[in-house]
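The values are calculated or read from the model by the stated rules, or taken from the named source; none is laboratory data. Just so we're clear, the structure is a prediction, and the values are computed from it rather than from any experiment. Glycine also receives a Cβ, built like all others from the backbone with ideal geometry; neighbour counts cover every protein chain displayed.
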Amino acid sequence: MAASSPTTSTKGTVSKPKLSLGQIFTMSFGFLGIQFGFALQNGNTSRILRSFGADVDQLPMFWIVAPLVGMIVQPLIGHYSDRTWNRIGRRKPYFLTGALLSSLALVFLPNSGATASIVPALWIGAGMVMIMDASFNVAMEPFRALVADNLPDSQRTVGFSIQTFLIGLGAVVGSALPEMLGKHGFSMEAGKDGVADNIKYAFYIGAAVFMIAILITVIFSREYAPKEYELYHGKDAEAEKAGLGEIIKDFAKMPKTMKQLGLVQFFSWFALFSMWVFTTDAVATHVYGLTGDYSKSIAYNEAGNKVSSAFGVYNFIAMLYALMLPVVAKFIGRKGTHAFSLLAGGIGLISIYFIKDPEMLKYSMVGVGLAWASILAMPYVILSGSIPAGKLGIYMGIFNFFITLPQIINGLFGGWIVKHLYGSQPIYAVVLAGFFMVCAAVSCLFIYDAGDVRIKAK
């Protein structure tokens with residue numbers, strides 16, 4: 001596995017050897033499949049559930065399912081993956097289990113209408129969404145821990161940046177796939193069960209890509225066996241305790257850096273949730289000037305297409321910027337890089353208020369793309385340097401609280417705020433999201449990054 005020889009650290013343990021770029025790429029390749037599935041889910045679940053009879057005002061509750069499931073599943077998966085070792089490995093059993101369940105859910109979700117004569121399609125569809133969210137989390141959480149397991153501090157920025165590049169690549173292709181299939185002969189008209197063929201086959205392809213990407217990581221990368229892991233990380237007696245009560249104790253012993261990052265994450269993910277939920281209606285009302293019951297108008301669909309295209313831009317920018325993060329971090333540090341990127345995202349979101357031509361929306365998304373790339377990489381780079389070796393999985397899972405909680409709060413109260421405080425003008429929710437990104441950038445400056453200090457000391 002090692003691409004260079006290990007050295008002895010000041011802690012008495014042996015420093016982990018550096019890996020080649022090819023090894024890091026293979027180790028993270030499964031994330032491409034995960035994000036491919038996420039992109040299909042995020043872009044098409046609402047319209048699938050609408051075709052099964054869901055009302056518009058019910059959709060936010062379906063959006064809340066993902067963070068709620070993640071809040072429960074990720075700490076559990078992190079806890080047990082820290083204590084797992086079998087023929088497959090430590091993290092890999094969870095990759096495989098999550099990939100299999102996710103692929104099945106991707107296949108069954110667009111076909112939920114086939115059960116309408118027995119069980120309401122909406123019930124089955126909602127159940128598939130829940131299974132899909134849980135399975136995505138089972139597959140995803142151990143990937144963050146795997147990078148921290150295998151890479152020394154000096155390579156973690158590169159490791160998480162490559163993950164972010166693969167996330168962006170999967171998101172760009174997954175988001176574009178339904179439209180691509182529609183242009184190449186697959187029907188875009190809803191069938192008898194309410195779902196068009198281009199959507200169905202996009203989900204089938206997504207299921208296959210998910211499994212193949214995960215298998216590439218499982219087959220062509222390896223993990224340190226317990227004795228090797230102990231050599232590089234040291235022995236942690238507390239990590240051998242298997243009781244679920246340890247999760248509560250670990251939460252109470254949360255590292256200072258993790259608490260500081262928690263505030264940054266709260267501002268960041270509250271802003272992202274607002275962007276995902278409200279941008280289409282914000283553009284429709286503020287840029288296109290639509291009023292009244294516009295949800296079925298051609299102009300509203302055009303606004304939605306513009307927003308979807310713009311979201312593709314921010315994912316593309318994130319994919320490219322992810323490769324630049326290690327270089328930027330060398331010049332201004334890891335927390336400085338994150339602060340700069342979040343500031344760019346905040347400016348991008350606020351700028352939407354001043355747009356008159358919908359074509360300009362893609363330029364606002366450039367800043368969002370910088371923020372998105374950094375959000376997917378830098379917090380984990382910074383966090384991994386402050387976590388005890390035997391607690392990487394559980395703390396990566398607990399860290400997910402700071403992602404899910406702001407989304408849940410926004411999901412519960414965001415709609416009420418837009419209706420009653422903003423006079424049903426969602427553009428102000430997007431502007432507030434921009435200011436929250438700026439707050440995240442400022443908060444980032446107060447983080448203590450132990451790993452960055454160690455790297456500079458060398």
- request: Report whether or not Leu361 is out of contact with any Pro (no Cβ under 6 Å at 6 or more places or on another chain) and either of a type in the set (D, E, K, R) or modelled with pLDDT of 85 or more (or both).
  value: yes
message: I need the full set of residues from the range 426-439 which are in a helix (DSSP H, G or I), farther than 15 Å from Gln407 by Cα and not hydroxyl-bearing (Ser, Thr, Tyr), in order please.
response: Ile427, Val431, Gly434, Phe435, Val438, Cys439
field: Number of the condition not met by Ala284 [criteria: (1) among the aliphatic types (A, V, I, L, M); (2) under 14 Å from Phe165 (Cβ atoms); (3) modelled with pLDDT under 90; (4) crowded, with 21+ Cβ neighbours inside 10 Å]
entry: (2)
query: (1) buried (at least 23 other Cβ atoms within 10 Å of the Cβ); (2) at pLDDT 85 or above: which one isn't true of Met324, the others all being true?
result: (1)
field: Only listed residue being at pLDDT 80 or above, farther than 28 Å from Tyr229 by Cα and of a type in the set (Val, Ile, Thr), chosen from Val107, Val56
entry: Val107
- request: Kindly indicate whether Ile375 is within 17 Å of the chain's Cα centre (by Cα) and outside the structural domain of Leu68 (by TED's automatic domain parsing).
  value: yes
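Out of curiosity, is Gly415 more than 21 Å from the chain's Cα centre (by Cα) and either assigned to a helix (DSSP H, G or I) or aliphatic (A, V, I, L, M) (or both)? Lay out the reasoning, then the answer.
Working: more than 21 Å from the chain's Cα centre (by Cα): yes; either assigned to a helix (DSSP H, G or I) or aliphatic (A, V, I, L, M) (or both): yes.
Against the criterion (more than 21 Å from the chain's Cα centre (by Cα) and either assigned to a helix (DSSP H, G or I) or aliphatic (A, V, I, L, M) (or both)), Gly415 qualifies.
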- prompt: Any residue at all in the range 180-187 that is part of a helix (DSSP H, G or I) and surrounded by 19 or more Cβ atoms within 10 Å (Cβ to Cβ)?
  reply: yes
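Considering only residues that are of a type in the set (A, V, I, L, M, F, W, C) and free of Cβ contacts under 8 Å to residues at least 24 places away in the same chain, which ones fall in the range 325-352?
First, the residues of the range 325-352 that are of a type in the set (A, V, I, L, M, F, W, C): 325, 327-329, 331-332, 339-340, 342-344, 347, 349-350, 352.
Those that are of a type in the set (A, V, I, L, M, F, W, C) and free of Cβ contacts under 8 Å to residues at least 24 places away in the same chain: Val327, Val328, Phe331, Ile332.
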message: Out of Tyr204, Tyr224, I need the residue that is at pLDDT 75 or above, surrounded by fewer than 16 Cβ atoms within 10 Å (Cβ to Cβ), of a type in the set (Ser, Thr, Tyr) and assigned by TED's automatic domain parsing to the domain that holds Gly78. Which one?
response: Tyr204
- prompt: In the range 353-380, which residues are more than 19 Å from Phe267 (Cα to Cα), assigned to a helix (DSSP H, G or I) and either in contact (Cβ under 8 Å) with a residue 60 or more places away in the chain or β-branched (Val, Ile, Thr) (or both)?
  reply: Tyr353, Pro358, Leu361, Val366
task: Tell me which of these Val442 doesn't satisfy, since it passes every other one: (1) crowded, with 17+ Cβ neighbours inside 10 Å; (2) modelled with pLDDT of 90 or more; (3) assigned to a helix (DSSP H, G or I).
output: (1)
message: Looking at the structure I just gave you, is Lys306 of a type in the set (Lys, Arg), at negative phi and touching a residue at least 60 places away in the same chain (Cβ under 8 Å)?
response: no
